[in-house]
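**Q** Attaching a single structure in C-alpha cells format; questions to follow.
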Amino acid sequence: MTADMVAPAWMHSQITAEQYDSWSAEQCAGIEIVDGMVVVTPSASIRHNRLARFLANGLELAAGADWNADTDFDVRLQDVPLTNRRPDVVVYRADRIDTLPMRPEYVLLVVEVVSPGSETTDRVVKADQYAQAGIAFYWRVEQAATGVPLVYTYVLDPASRSYRDGEVFTGIVKSTVPFVVEIDLAAV
C-alpha cells in the first residue's frame with residue numbers, strides 16, 4: 001500500500017494560507033493545519049459535541065452583546081507557516097462575526113474539551129500555540145468518569161506569551177429552558 005492510497009498527495013506537502021482559503025468548507029471540516037501540514041482530527045463523540053455546544057451557549061449568554069461564542073470554525077494562529085486550529089469553543093468579538101479567517105486578536109477565549117487521543121495536544125501543544133498567538137484566556141475541559149467536567153482555566157502572561165494557571169472548577173451544565181443554558185462552576 002502506498003502513502004497516496006492512505007492519504008491524498010496534498011496531505012504530504014505544506015499548505016499555504018492561499019491554498020487553504022480556496023478550499024470549500026467541506027474540505028476544511030475535520031482538519032487543522034499545523035506548520036503548514038494537514039492534521040486530520042477524529043470525529044468527536046456526541047457527548048463531546050454536546051458539552052461544547054452547551055458551553056458555547058452559556059458563554060455567549062454570559063458574555064453579553066459585545067461577544068459571540070461558537071463552535072467548529074478555524075482560528076488562524078499564524079500565516080507562515082500556516083497554522084489553523086479549530087477549538088471546541090471560541091469566544092470572539094461580535095463585530096467580527098463575518099471576519100474570515102478569524103484572527104487571535106479578535107478572540108477572547110478558546111476552550112478545548114479533551115477527548116481520548118487528544119490529551120497531549122489539548123493539554124500542552126494547543127495551549128502553547130494559543131499563548132504564542134496572544135489569546136488572553138484558555139480553558140481545558142476534562143470529562144471526568146463521574147460525568148462532572150473539570151474546567152482548568154489559564155490566563156495569558158503577555159510578557160512571556162505563556163499561560164499561568166487560573167482556577168480549577170467543576171462544571172455542571174444545565175439546560176433549564178429551550179435555548180437557555182446555565183453553567184454552574186464551583187471552585188475545586
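**Q** Debye sum, Cα scatterers, the range 28-111, no solvent: what log₁₀ I/I(0) at q = 0.11, 0.14, 0.24 1/Å?
**A** -0.30, -0.48, -1.18
**Q** Please list 3J(HN,Hα) in residue order for the range 26-31, calculated via the Karplus relation 6.51 cos²θ - 1.76 cosθ + 1.60 where θ = phi - 60°; whole Hz, with x for glycine and proline.
**A** Result, ordered by residue: 5, 5, 7, 5, x, 10 Hz.
**Q** Something else now. Sorted by packing (mean other beta-carbon atoms within 10 Å per residue), highest first, where do 44-51, 23-30 land?
**A** With the highest mean Cβ count within 10 Å placed first, the list reads 44-51, 23-30.
**Q** Just to verify a number: what accessible area does residue 123 come out at with the full protein assembly present, 1.4 Å probe, Å² rounded to tens?
**A** About 110 Å², rounded to the nearest 10.
**Q** Heavy-atom accessible area of residue 72 with all protein chains present, probe 1.4 Å, nearest 10 Å²?
**A** Ignoring ligands and nucleic acids, residue 72 comes out at about 100 Å².
**Q** A follow-up question, please. Tabulate in residue order the Karplus-calculated ³J(HN,Hα) for the range 75-84, using 6.51 cos²θ - 1.76 cosθ + 1.60 with θ = phi - 60°, rounded to whole Hz; enter x for Gly and Pro.
**A** Working through the residues one at a time gives 10, 7, 7, 7, 8, 9, x, 4, 9, 10 Hz.
**Q** Sort out for me the Cα centre separation of the range 52-92 from the range 127-174, rounded to whole Å.
**A** Spelled out, the Cα-based centre of one part sits 14 Å from the other.
**Q** Give me a comma-separated list of calculated 3J(HN,Hα) values for the range 153-159, in order, Karplus coefficients 6.51, -1.76, 1.60 applied at θ = phi - 60°, integers in Hz, x for any Gly or Pro.
**A** So the J values, rounded to whole Hz, are 10, 9, 10, 6, 9, x, 5.
**Q** Assigning unit charges at the beta carbon (Lys, Arg +1; Asp, Glu -1) and nothing else, what dipole magnitude in debye, to the nearest 20, does the range 75-168 show about its Cα centre?
**A** Numbers: 11 positive and 13 negative charges, 42 e Å.
It works out to roughly 200 debye.
**Q** Here's a follow-up. About its Cα centre, how strong a charge dipole does the range 1-137 have in debye, to the nearest 20, once Lys and Arg get +1 and Asp and Glu get -1 at the Cβ? Could you put the intermediate results ahead of the total?
**A** Numbers: 11 positive and 20 negative charges, 75 e Å.
Here the range 1-137 has a charge dipole of around 360 debye.
**Q** With each pseudo-label sitting 7 Å past Cα toward Cβ, what's the residue 120-residue 26 distance in nm, one decimal?
**A** Going from the residue 120 label point to the residue 26 one covers 3.4 nm.
The values are calculated or read from the model by the stated rules, or taken from the named source; none is laboratory data. Note that the coordinates shown come from a computational prediction; the quantities given were computed from them, not determined experimentally. Positions of Cβ are backbone-derived with ideal geometry, glycine not excepted, and every protein chain shown enters the neighbour counts. Heads up: the accessible areas ignore ligands, DNA and RNA and are worked out on the full protein's heavy atoms, side chains in. Shrake-Rupley method; radii C 1.70, N 1.55, O 1.52, S 1.80 Å.
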